[in-house]
Amino acid sequence: MVDFGNTLKTLRLHEKMTQAQLSQKLGLTKSVISAYETGLRLPSYDVLIHIAQIFKVSTDYLLGVDQKDSLDLSGLTQNEKSALLALIKAMKSR
């Protein structure tokens, strides 16, 4: 589960979030976040779900089960989603 720690750190840094900021969102201490990132500890199921919600990823992604890239399309209209899918298909067919 070393990948979990690396994944968590990557997501946190991508969001320009400190360990202290993440710990506050999760109601944990900064040292717990550090232990997660270094692989010394793993989160409980509840905390894992909360982390997934914060970073808008699946728990499978956090655990290294799902390595697919994903896009958050929430808030887009169906027409906007369709336009993005058409653009992706056009780029893949190059």
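Values in this text are rule-based calculations from the coordinates and carry no lab data. Being a predicted model, the structure only gives us computed values, none of them experimental. All Cβ positions, even for glycine, are placed from backbone atoms using ideal geometry, and neighbour counts span all protein chains on display.
Considering only Glu37, Glu15, Glu80, give the residue with the highest GNM mean-square fluctuation for the chain, with springs between Cα atoms whenever their separation is below 10 Å. Among Glu37, Glu15, Glu80, the largest GNM mean-square fluctuation belongs to Glu80.
The long axis of helix 78-92 is offset from the longest Cα principal axis of the chain by roughly 90 degrees.
Here the residues Arg12, Arg41, Arg94, ranked from fewest to most Cβ neighbours within 10 Å of their Cβ, fall in the order Arg94, Arg41, Arg12. Neighbour counting of Cβ atoms within 10 Å sorts the residues Tyr45, Tyr61, fewest neighbours leading, into Tyr45, Tyr61.
GNM remark for the chain: springs join alpha carbons under 10 Å apart, and the peak mean-square fluctuation among Gln78, Gln24, Gln53 falls on Gln78. Count the lysine pairs in the range 17-94 that are 8 or more places apart or on different chains: how many have C-alpha atoms under 24 angstrom apart? For the range 17-94, qualifying lysine pairs total 10.
For the chain, set up a GNM with springs between Cα atoms under 10 Å and report which of Gly75, Gly64, Gly27 has the largest fluctuation. The residue that fluctuates most here is Gly75. Helix 2-14 and the longest principal axis of the Cα set of the chain meet at an angle near 70°.
Sorted fewest first by neighbouring Cβ atoms within 10 angstrom, Ser31, Ser74 come out as Ser74, Ser31.
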